[in-house]
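Participant: Quick one: this structure, given as C-alpha cells, is what I'll be asking you about.
The values are calculated or read from the model by the stated rules, or taken from the named source; none is laboratory data. What you see is a predicted model; the values in this text were computed from it and never measured. In this analysis, Cβ positions are derived from the backbone assuming ideal geometry, glycine residues included, and neighbour counts consider all displayed protein chains. SASA here: full protein model, heavy atoms, side chains in, ligands and nucleic acids out. Shrake-Rupley method; radii C 1.70, N 1.55, O 1.52, S 1.80 Å.
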Amino acid sequence: MTSLPDLIDTQIRANGPMSVASYMGLCLTHPAKGYYKGADPLGAGGDFITAPEISQMFGELIGFFFVNLWQQMGSPKAFTLLELGPGRGTLMADILRVACRAEGFRDSLDLRLFETNPTLIAEQNARLEPYDPKWVDSFDKIGAGPLFVVANEFFDALPIRQFVRGQTGWHERVVGLVDDRRAFGLSPTPIPNAALPDTVQDAPLHAVFEVALAGGEVMSRLAKNVSRLGGAILAIDYGYALSQTGETLQAVKNHAYADILAEPGEADLSAHVDFEALGNVARKAGLAVQPLVSQGEFLNRLGIGERAKALSAANPSAAAGIAAARTRLTAADQMGTLFKAFCAASPGLRPSGFSE
Ligand SMILES: C[S@@+](CC[C@H](N)C(=O)[O-])C[C@H]1O[C@@H](n2cnc3c(N)ncnc32)[C@H](O)[C@@H]1O
C-alpha cells in the first residue's frame, strides 16, 4: 500500500497545495495510515503523556465534579456521560471509580465514548467493560436524560486552518512541494477580512491566525444537545483564553518536538485551543460559559491537596510520587498554567472548580 508521505505528495502533484487542515487531517486520521489509527501513542514508550496517565487524582477529582453536577440536577435516573478521545480509558476509569460510589449514579449511567483509534478502543474496552460503554461515531443519537461531556486533550488534536497576514490581506497557509520536498506556502488569493475576528484585523505583517473549524463544529453539535437535554461540557487542554494571533501548530514524536512536514503520520500534530472561539459557539447554543481557569486552579479548588494527603496516608511509600504528580499537574512551570479547564453548562448549574 502507498505510504502516507507518498499519498500526500501525489495528491499535491495532482491537485496543487493543500490546506494545513487537510494535511493535518490526513496525518492524524487517514483511515489506514493516520497517526491516530495506529499504535497507542501514549505513555513513556509512546510520544507523549497526559494528565490522567500522570496520576489517578486527575480523574478522581473530575469524578467528584460530575457527581456534584448530577446531584445539582436532582440525581436524574437516566443520563449520558460521553468522553471525547478517551485514550487508554484511564480518565474515565478514575472518574467512575469515584463517581459510582454516589448512590444511584451507576444505575443511571449511560456511558458513551467517541474514539477513532482501534488500538485505544480495545484498551478502553478492557478498562471500562464493567460500565457497559458504547462507542458513538456521531453526536446526533445521544441517549435520553442530561448529557455530561468530558474531553482531555481532545480539541488540540483536531485539524486547524492557518492564515498569514500579507500586504494585501490574510492568505491561507498551504502545504505544497518545492523541489519535491514538502514546504509551507501561501494561497495567492486573500480571504475576505470579515472571515476573521475584529481583534486580529490590525495584526502585523506575517502574523498567523489559526482557526479550529472542526473543533467548533464538535462543540456546536454537543452544545446544542446539552442545551436541549441539560448538562455540561468539560474540556481540559492547552490553549489560550482570548482569540489571538500566534503560531501553535506543533509536531511531537518520542516526547520531543519534531518537524511538522518531515514524517506525515509518524508524529502527533496538535495546536493550542482557542477557548474564546469554543465559548462563543457554546454560548450561541444557549449554554452558560464559565470563566476559563487554569488546570492548576481547577484541581486546587476541587481539592487535589486533600486528595494527595489521603492517598499518601493510605500508602506512605508512594507519598513522594504522589507529591511529584500533584506538582506536575498544578505547578505554573509545569502543566498548571498552560493547560486550562473550560466548562459550558446549562444556565443555573454551578460547576465546581470554576469559582472560589
Ligand atoms: C492526546 S490523546 C488524549 C487521550 C486521553 N484523553 C488522555 O487524556 O489521556 C487524543 C485522543 O483523542 C483521540 N482522537 C484524536 N482525533 C480524533 C478524532 N478525530 N475523532 C475521535 N477521536 C480522536 C485519540 O485517539 C486519543 O484517544
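Participant: Looking at this structure, is residue 222 open to solvent by less than 10 Å² (accessible area, probe 1.4 Å), assigned to a helix (DSSP H, G or I), among the hydrophobic types (A, V, I, L, M, F, W, C) and modelled with pLDDT of 95 or more?
Facilitator: Yes; evaluated as a whole, the condition is true for this residue.
Participant: Still on this structure, please answer the following. For residue 141, only one of the following conditions fails: (1) away from the ligand (no atom under 14 Å from the Cβ); (2) open to solvent by 50 Å² or more (accessible area, probe 1.4 Å); (3) modelled with pLDDT of 95 or more. What is its number?
Facilitator: Looking at each condition in turn, residue 141 falls short on (3).
Participant: Could you list all residues from the stretch 134-153 that are out of contact with any Lys or Arg (no Cβ under 7 Å at 6 or more places or on another chain) and either more than 22 Å from residue 68 (Cβ to Cβ) or among the small types (Gly, Ala, Ser) (or both)?
Facilitator: 135, 137, 138, 140, 141, 143, 144, 145, 151, 153
Participant: Hey, another quick one. Output the number of residues of the stretch 246-264 satisfying the condition of being open to solvent by less than 50 Å² (accessible area, probe 1.4 Å), part of a loop (DSSP other than H, G, I, E, B) and over 13 Å from residue 157 (Cα atoms).
Facilitator: The total comes to 4.
Participant: If residue 342 passes every condition in (1) farther than 20 Å from residue 234 by Cα; (2) outside any helix (DSSP H, G or I) but one, which one does it miss?
Facilitator: In the conditions (1) farther than 20 Å from residue 234 by Cα; (2) outside any helix (DSSP H, G or I), residue 342 misses (1) alone.
Participant: Residue 34 - would you say it is within 25 Å of residue 233 (Cβ to Cβ) and either surrounded by fewer than 19 Cβ atoms within 10 Å (Cβ to Cβ) or within 12 Å of the ligand (Cβ to nearest atom) (or both)?
Facilitator: No.
Participant: Given the criteria within 12 Å of the ligand (Cβ to nearest atom), modelled with pLDDT of 95 or more and either in contact with a Ser or Thr (Cβ under 7 Å, 6 or more places away or on another chain) or of a type in the set (Val, Ile, Thr) (or both), does residue 153 qualify? Give the derivation first.
Facilitator: On the way: within 12 Å of the ligand (Cβ to nearest atom): yes; modelled with pLDDT of 95 or more: yes; either in contact with a Ser or Thr (Cβ under 7 Å, 6 or more places away or on another chain) or of a type in the set (Val, Ile, Thr) (or both): yes.
The answer is yes for residue 153.
Participant: Residue pairs, Cβ under 6 Å, 6 or more apart or interchain, first in the stretch 33-45 and over 14 Å from residue 156 (Cβ atoms), second part of a helix (DSSP H, G or I) and open to solvent by 60 Å² or more (accessible area, probe 1.4 Å). List them.
Facilitator: none
Participant: Restricted to the stretch 303-336, and to residues that are in contact with a helix residue (DSSP H, G or I) (Cβ under 6 Å, 6 or more places away or on another chain) and β-branched (Val, Ile, Thr), which residue is farthest from residue 272 (Cα to Cα)?
Facilitator: Checked the stretch 303-336; the qualifying residue farthest from residue 272 (Cα to Cα) is 322.
Participant: Restricting to the stretch 65-88, name every residue that is hydrophobic (A, V, I, L, M, F, W, C), surrounded by fewer than 20 Cβ atoms within 10 Å (Cβ to Cβ) and in contact with a helix residue (DSSP H, G or I) (Cβ under 9 Å, 6 or more places away or on another chain). Outline the logic, then answer.
Facilitator: Our first condition is that a residue be hydrophobic (A, V, I, L, M, F, W, C); within the stretch 65-88, this holds for 65-67, 69-70, 73, 78-79, 81-82, 84.
If we keep only those that are surrounded by fewer than 20 Cβ atoms within 10 Å (Cβ to Cβ) too, we end up with 67, 73, 78.
Residues satisfying the conditions are 67, 78.
Participant: If you don't mind, there's one more thing I want to ask. Limited to the stretch 89-110, what total is found for residues that are within 9 Å of the ligand (Cβ to nearest atom) and surrounded by fewer than 23 Cβ atoms within 10 Å (Cβ to Cβ)?
Facilitator: Of the residues in the stretch 89-110, 0 are within 9 Å of the ligand (Cβ to nearest atom) and surrounded by fewer than 23 Cβ atoms within 10 Å (Cβ to Cβ).
Participant: Which pairs turn up if I take residues in the stretch 197-224 that are within 16 Å of residue 243 (Cα to Cα) and look for partners that are open to solvent by 90 Å² or more (accessible area, probe 1.4 Å) and among the charged types (D, E, K, R) with beta carbon separation below 6 Å, at least 6 apart in sequence or on another chain?
Facilitator: 208/247
Participant: Can you confirm whether the stretch 46-58 contains a residue that is within 16 Å of the ligand (Cβ to nearest atom), in a loop (DSSP other than H, G, I, E, B), out of contact with any helix residue (DSSP H, G or I) (no Cβ under 8 Å at 6 or more places or on another chain) and free of Cβ contacts under 8 Å to residues at least 24 places away in the same chain?
Facilitator: Taking every residue of the stretch 46-58 in turn, at least one turns out to be within 16 Å of the ligand (Cβ to nearest atom), in a loop (DSSP other than H, G, I, E, B), out of contact with any helix residue (DSSP H, G or I) (no Cβ under 8 Å at 6 or more places or on another chain) and free of Cβ contacts under 8 Å to residues at least 24 places away in the same chain.
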